[in-house]
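The values are calculated or read from the model by the stated rules, or taken from the named source; none is laboratory data. The shown structure was predicted, so the numbers you read here are calculated from the model rather than taken from an experiment. Note that each Cβ is placed from the backbone with ideal geometry, even for glycine, and that neighbours are counted across all protein chains shown. Protein only, heavy atoms only, side chains kept; ligands, DNA and RNA dropped before computing areas. Shrake-Rupley method; radii C 1.70, N 1.55, O 1.52, S 1.80 Å.
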Amino acid sequence: MSLTNKNILLGIGGGIAAYKSAELVRRLKEDGANVRIVMSQGAQAFITPLTLQALSGHPVATDLLDPAAEAAMGHIELARWADLVIIAPATANLLARINAGMADELITTSCLATNAPVVVCPAMNQQMYQNQATQDNLQQLQRKGITIWGPDSGSQACGEIGPGRLLEANDITQRASDFFAPKLLDNINLLLTAGPTREAIDPVRYISNHSSGKMGFALAKAARHLGANVTLVSGPVNLSTPQGITRIDVNSAADMQAAVMQHINEQDIFIGCAAVADYRVTHVANDKIKKTSDSNTMTLDLIKNPDILAAVAQLKNKPFTVGFAAETQDVIHYAKDKLIRKKLDMIAANDVSQAELGFNADSNALNVLWSDGQQNLPATDKYTLAKQLLSLIAKRRLNE
């Protein structure tokens, strides 16, 4: 019940995703929030005020100049009441009007009249979302201090596929909960690595591994929600950048090391979550290596890659340094050895031999070790696990 006694004003725009607002109201209330609703005129074509009144337990505000409400300045009262304003769905039209500072109906007026933080959750056709006018509006809203959650990507009601789906109710509720959560990493500079590296053999082939980057990206997202300034150095992955994250894309271990060392002196915490290739080819071929008819084998001469994690841990003014150990056997034994040998402050070990956990999975479990203790974090989704690990890191860092 992390939203207990929090006053959330939910503004519903006029898009097909407005039907999801019923579930969102239910989720917010389950988490303890007091929810009041204001609807645009267009929203009422998709879902009725009566439905939302029944779910929220309060009359739904729809008219800017409602004679019954205006006796108490109703269009200002709701704006003053809110601890957080969430506009979901925020259509392209609604985003443009909020950005322009228009007060042409109650939902836009509420955004102007509130001192509470305002969050918009975009939802629209993928082409409308990617249109430069919409992107300009979103960038300007961010500069004005408005927070943007989403959108998600996938199939849409119009039959197209792409970015523009409204975030699911659970996701919005979780973000609202995170918004009010204690900012354990407020203004902390955190650098982390994620994903695999690719070590070229020739212009066509490379050596790599099965890392999807999901754990590292979950850590980046959770750290940002906990208040950190996050720089994410990522190997090649098929994942979108979490909101508010500075992302640096790399390919090889050498590229990753260069990016890390370029930014490490400004960091308070470093998390080496990437699955960095241990070896690279000594000499990369300039042209594609061709198969030959007289041999069924090919020999590659390999050389060790730089140890990014150890290099950071050995810095004179090193940040709090956390490593990952992806193992298939004797997980705790190998993790302890890595913790001591590389002089880390903490290490998170996971058993990647379990198909439902680790590489490419959406869930994971960790055994977290430090010099004089350890804690098991049971299997759960990677975002929840990331928050648990970051909480441990924050507490351990303060105890040093």
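Assorted remarks:
- Wholly within region 90-190, helices (runs of 4 or more DSSP H) carrying at least 3 residues that are under 28 Å from ALA223 (Cβ atoms): 132-143, 169-180
- Positions within region 143-162 being in contact (Cβ under 8 Å) with a residue 24 or more places away in the chain, of a type outside the set (Val, Ile, Thr) and open to solvent by less than 50 Å² (accessible area, probe 1.4 Å), in sequence order: TRP149, GLY150, PRO151, GLN156, GLY162
- In the set (1) over 23 Å from LEU385 (Cα atoms); (2) surrounded by 19 or more Cβ atoms within 10 Å (Cβ to Cβ); (3) out of contact with any Gly (no Cβ under 7 Å at 6 or more places or on another chain), VAL276 fails one condition alone, (1).
- Qualifying residue in region 241-251 (condition: touching a Pro at 6+ places or on another chain (Cβ under 8 Å) and either open to solvent by less than 10 Å² (accessible area, probe 1.4 Å) or modelled with pLDDT under 95 (or both)): no
- Scanning region 14-50 for residues that are under 18 Å from ALA82 (Cα atoms), part of a loop (DSSP other than H, G, I, E, B) and not hydroxyl-bearing (Ser, Thr, Tyr) gives ASP31, GLY32, ALA33.
- Of everything in region 75-111 that is in contact with a helix residue (DSSP H, G or I) (Cβ under 8 Å, 6 or more places away or on another chain) and more than 25 Å from ALA169 (Cα to Cα), the residue that is surrounded by the most Cβ atoms within 10 Å (Cβ to Cβ) is HIS75.
- Residue in region 300-318 that is in a strand (DSSP E or B), in contact with a strand residue (DSSP E or B) (Cβ under 9 Å, 6 or more places away or on another chain), more than 22 Å from LYS214 (Cα to Cα) and not β-branched (Val, Ile, Thr) present: yes
- Test: residue in region 218-226 that is buried (at least 19 other Cβ atoms within 10 Å of the Cβ) and of a type in the set (Lys, Arg): yes
- Looking across region 37-50 at every residue that is touching a helix residue (DSSP H, G or I) at 6+ places or on another chain (Cβ under 6 Å) and open to solvent by 10 Å² or more (accessible area, probe 1.4 Å), the one that is nearest to ALA79 (Cα to Cα) is identified as ILE47.
- Verdict on ILE269 being among the aliphatic types (A, V, I, L, M) and either within 30 Å of GLY164 (Cβ to Cβ) or surrounded by fewer than 20 Cβ atoms within 10 Å (Cβ to Cβ) (or both): no
- Any hit, region 291-306, residues being surrounded by 15 or more Cβ atoms within 10 Å (Cβ to Cβ) and within 14 Å of CYS273 (Cα to Cα): no
- Test for VAL260: is it crowded, with 19+ Cβ neighbours inside 10 Å, of a type outside the set (D, E, K, R) and touching a residue at least 12 places away in the same chain (Cβ under 8 Å): yes
- ALA285 within 26 Å of ILE188 (Cβ to Cβ) and at pLDDT 90 or above: no
- Number of residues in region 362-400 that are of a type in the set (A, V, I, L, M, F, W, C), open to solvent by 40 Å² or more (accessible area, probe 1.4 Å) and outside any strand (DSSP E or B): the value is 1.
- Residue pairs whose Cβ atoms lie under 7 Å apart, separated by 6 or more positions or on different chains, with the first residue in region 334-355 and in contact (Cβ under 8 Å) with a residue 24 or more places away in the chain and part of a loop (DSSP other than H, G, I, E, B) and the second polar (S, T, N, Q) and open to solvent by 70 Å² or more (accessible area, probe 1.4 Å), are LYS343/GLN314; VAL352/THR328; SER353/THR328.
- For region 175-214, the tally of residues that are without any contact (Cβ under 8 Å) to a residue 60 or more places away in the chain, within 30 Å of ASP83 (Cβ to Cβ) and open to solvent by 60 Å² or more (accessible area, probe 1.4 Å) stands at 4.
- Residue ID - nearest to the chain's Cα centre (by Cα), chosen from residues in region 315-361 that are open to solvent by 50 Å² or more (accessible area, probe 1.4 Å) and closer than 16 Å to LEU191 by Cβ: LYS318
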